[in-house]
Amino acid sequence: MKKNQPLKIARRYVIGRLPSFLFASGAVVTGTHTLFGGLSPAMASQQLDLKPGKTALPDMALASDDGIISLSKWADRPLVINFWATWCAPCVVELPMLEEAAQILAEDNIMLVLVSMDRGGQQIAAPFLQERGITTPVSLYDPKAEMGRPVGLRGLPTTLLVKKNRAEYAIHTGPAEWNDKAVIEQLRAYLLG
């Protein structure tokens, strides 16, 4: 018997059973996402689970496509700040929805900012966004989690809703359908109210 034979048998067994498992119900739901992309039906029209920010929002200077930018540059506008990474599947699924939400929210002077947590920073995230046609949100890069740590980032994706002049902010952890009407209205109510 070869040394790796049990592993090969186990792989064959699992892979042989995988198609019937995957297609028995049409798609596999893993958390809030389906295996084949998109959010599960349970996420449709879901309200955001907002938790108040516990610490002061740091005024960080982060790299952007146009050089170093400080968040205080946009103090006169409400912000939606989404922390994401190229390796985070739910984050990638959200990107087109965030693109659409950014365009909708711009009508109310609400700015959407993407903060990449990829260790490779701009060199990894910028081409990734360009390949997917994500252009409306402002992109910042935080490869050392300098902004994520002070706000208590616990996982990705995480989104901060920051009121004008950084008066207060709320945190939503997890994915959402950002272009959903109910979610857009919740964003407007919190940020403009």
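The values are calculated or read from the model by the stated rules, or taken from the named source; none is laboratory data. All values reported here derive from a predicted model rather than from experimental measurement. Virtual Cβ from ideal backbone geometry, glycine too; neighbours counted across all protein chains shown.
Of the listed requirements (1) without any contact (Cβ under 8 Å) to a residue 24 or more places away in the chain; (2) over 22 Å from residue 74 (Cα atoms), residue 193 misses just one: (2).
Restricting region 65-101 to residues that are polar (S, T, N, Q) and either crowded, with 20+ Cβ neighbours inside 10 Å or at pLDDT 95 or above (or both) leaves a set whose member that is nearest to residue 180 (Cα to Cα) is 82. Note on region 102-112: residues that are assigned to a strand (DSSP E or B) and surrounded by fewer than 22 Cβ atoms within 10 Å (Cβ to Cβ) amount to 1.
Residue-level check: of (1) surrounded by fewer than 18 Cβ atoms within 10 Å (Cβ to Cβ); (2) among the aliphatic types (A, V, I, L, M); (3) assigned to a loop (DSSP other than H, G, I, E, B), residue 147 misses just (1). If you check 117, 147 for being modelled with pLDDT under 95 and aliphatic (A, V, I, L, M), only one passes: 147.
For region 63-91, the set of residues classified as assigned to a helix (DSSP H, G or I) and either farther than 14 Å from residue 139 by Cβ or out of contact with any Phe, Trp or Tyr (no Cβ under 9 Å at 6 or more places or on another chain) (or both) consists of 71, 72, 73, 74, 89, 90, listed by residue number.
So is residue 133 assigned to a loop (DSSP other than H, G, I, E, B) and surrounded by fewer than 13 Cβ atoms within 10 Å (Cβ to Cβ) or not? Yes. Within region 116-137, the set of residues being in contact with a Ser or Thr (Cβ under 7 Å, 6 or more places away or on another chain) and closer than 20 Å to residue 106 by Cβ comprises 129 only.
How about region 113-125: which of its residues are surrounded by fewer than 19 Cβ atoms within 10 Å (Cβ to Cβ), in contact with an Asp or Glu (Cβ under 9 Å, 6 or more places away or on another chain) and part of a helix (DSSP H, G or I)? Once the filter is applied, which keeps residues that are surrounded by fewer than 19 Cβ atoms within 10 Å (Cβ to Cβ), in contact with an Asp or Glu (Cβ under 9 Å, 6 or more places away or on another chain) and part of a helix (DSSP H, G or I), region 113-125 yields 122, 124. The single residue among 161, 156, 187, 140 that is out of contact with any Gly (no Cβ under 7 Å at 6 or more places or on another chain), crowded, with 18+ Cβ neighbours inside 10 Å, in a loop (DSSP other than H, G, I, E, B) and assigned by TED's automatic domain parsing to the domain that holds residue 46 turns out to be 156.
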